[in-house]
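Asker: Supplied in structure tokens, the structure appears directly below.
The values are calculated or read from the model by the stated rules, or taken from the named source; none is laboratory data. Everything numeric here is computed off the predicted structure, so don't read it as measured data. Neighbour counts are summed over all protein chains in view; Cβ atoms, including those assigned to glycine, are modelled from backbone coordinates with ideal geometry.
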């Protein structure tokens, strides 16, 4: 029987749910939504839906959500073209990612404006065709950062934090900026943090040289998130905890982590998991355009990036994003911390869904939610990915 575009039954696989792991189950998808799921012995094909028979060795999990991704497969958000965003959206299901925040980099205001306007134009159109992974909005990384901790962010375009400038960016994005990375210790930084918090935008501390006391002030102003934890920030010392120490000491803070074994040592990933628990860590890739391509020379923010052995570096040796795939991040998290598969998956699904206020429609296998589903094997290799019920990727 030929498959309808987004209505069918997935049968005979393990299901990773909020509460449990169903060992042998079924999921009913109708018009792109999950309408039922449970143990296979409760399944009845009352609606004569097309069936996809899987395997009890495979897992059905919620589609991954990436809060921090600049590019992949030759495209970058800063290319500011419909084709580049579409290419990203169509490629991401290969790694199980079904929604993401298009992430910018510090650039001239006019270049940022072009990128923001492009995302704003793309978002309304993505529901009119099968483009794959859904763009949930924008992560504005920079330009309100500290030059001392710029990392691969071009320092020439760093701006002083400004509510007025942010409002300009937000207008150009069509109010699609959902998360802003900034250095709260900079002049007017706390004012911007408060404005972001008051307007429902996540204020994330990143590329920051803040002292511990300055982080505490930022938390009081409304900051609740830290960008790529341990990277691009003041490290921790027992007499000056800095941003890193504050992230561990304050249970209310949510931490992004690039778990590729390169950006953060596996032992520090485990220590962070033990300190924070499963609910306050969010797996990200922070990937750049070289992901899914061969080693070689690429570009990020107008800077040459050399990619070799899964590591992306500027010419001076500075880390320049990653080529990490989200399914690998989930696998690494499980290996580095000894957490369960369900916990590792939660950090790439439920946690970001809740942070972005899309938990009502994404982030778990639940009745009424979008049928964003990834089929994985025991090693976290992606076999199939469904975006709103449409089969967007099928492996060999």
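Asker: In the range 246-272, what residues are in contact with a helix residue (DSSP H, G or I) (Cβ under 6 Å, 6 or more places away or on another chain), part of a helix (DSSP H, G or I) and free of Cβ contacts under 8 Å to residues at least 60 places away in the same chain?
Answerer: 246, 248
Asker: For the structure I just gave you, tell me whether residue 344 is in contact with a helix residue (DSSP H, G or I) (Cβ under 9 Å, 6 or more places away or on another chain), assigned by TED's automatic domain parsing to the domain that holds residue 277 and over 30 Å from residue 155 (Cβ atoms).
Answerer: Details: in contact with a helix residue (DSSP H, G or I) (Cβ under 9 Å, 6 or more places away or on another chain): yes; assigned by TED's automatic domain parsing to the domain that holds residue 277: yes; over 30 Å from residue 155 (Cβ atoms): yes.
Answer is yes for this residue.
Asker: Also, I was wondering about something else. Looking only at the range 213-229, how many residues end up being in contact with a helix residue (DSSP H, G or I) (Cβ under 6 Å, 6 or more places away or on another chain) and either part of a loop (DSSP other than H, G, I, E, B) or crowded, with 24+ Cβ neighbours inside 10 Å (or both)?
Answerer: Total satisfying the criteria: 6.
Asker: Say we look at the range 39-49 and pick out the residues that are loosely packed, with under 14 Cβ neighbours inside 10 Å and modelled with pLDDT of 90 or more; which of these is nearest to residue 374 (Cα to Cα)? Before the answer, list the steps.
Answerer: Our first condition is that a residue be loosely packed, with under 14 Cβ neighbours inside 10 Å; within the range 39-49, this holds for 39, 41-42, 44-48.
Narrowing the set further to residues that are modelled with pLDDT of 90 or more leaves 39, 41-42.
Numbers: 39: 18, 41: 22, 42: 22 Å.
This residue is 39.
Asker: So which residues in the range 64-77 are buried (at least 24 other Cβ atoms within 10 Å of the Cβ) and touching a helix residue (DSSP H, G or I) at 6+ places or on another chain (Cβ under 8 Å), if there are any at all? Working first, answer last.
Answerer: Within the range 64-77, the subset buried (at least 24 other Cβ atoms within 10 Å of the Cβ) is 64-72, 76-77.
64, 65, 66, 67, 69, 70, 71, 72, 76, 77 - these are the residues of the range 64-77 that are buried (at least 24 other Cβ atoms within 10 Å of the Cβ) and touching a helix residue (DSSP H, G or I) at 6+ places or on another chain (Cβ under 8 Å).
Asker: Next question. When the range 306-331 is examined, which residues are found to be assigned to a strand (DSSP E or B) and either touching a helix residue (DSSP H, G or I) at 6+ places or on another chain (Cβ under 7 Å) or touching a residue at least 40 places away in the same chain (Cβ under 8 Å) (or both)?
Answerer: Taking the range 306-331 first, the residues assigned to a strand (DSSP E or B) are 306-308, 311-314, 319, 322.
Passing the criteria: 311, 314, 319, 322.
Asker: What is the one condition in (1) closer than 19 Å to residue 114 by Cα; (2) in the same structural domain as residue 376 (by TED's automatic domain parsing) that residue 74 does not satisfy?
Answerer: It is condition (2) that residue 74 fails.
Asker: Right, here's the next one. Mind checking which residues of the range 273-296 are crowded, with 21+ Cβ neighbours inside 10 Å and touching a helix residue (DSSP H, G or I) at 6+ places or on another chain (Cβ under 7 Å)?
Answerer: 273, 281, 282, 283, 285
Asker: Testing residue 36 on (1) farther than 30 Å from residue 203 by Cβ; (2) crowded, with 18+ Cβ neighbours inside 10 Å; (3) touching a residue at least 40 places away in the same chain (Cβ under 8 Å), one condition comes back false. Which one is that?
Answerer: Tallying (1) farther than 30 Å from residue 203 by Cβ; (2) crowded, with 18+ Cβ neighbours inside 10 Å; (3) touching a residue at least 40 places away in the same chain (Cβ under 8 Å), residue 36 fails exactly one: (2).
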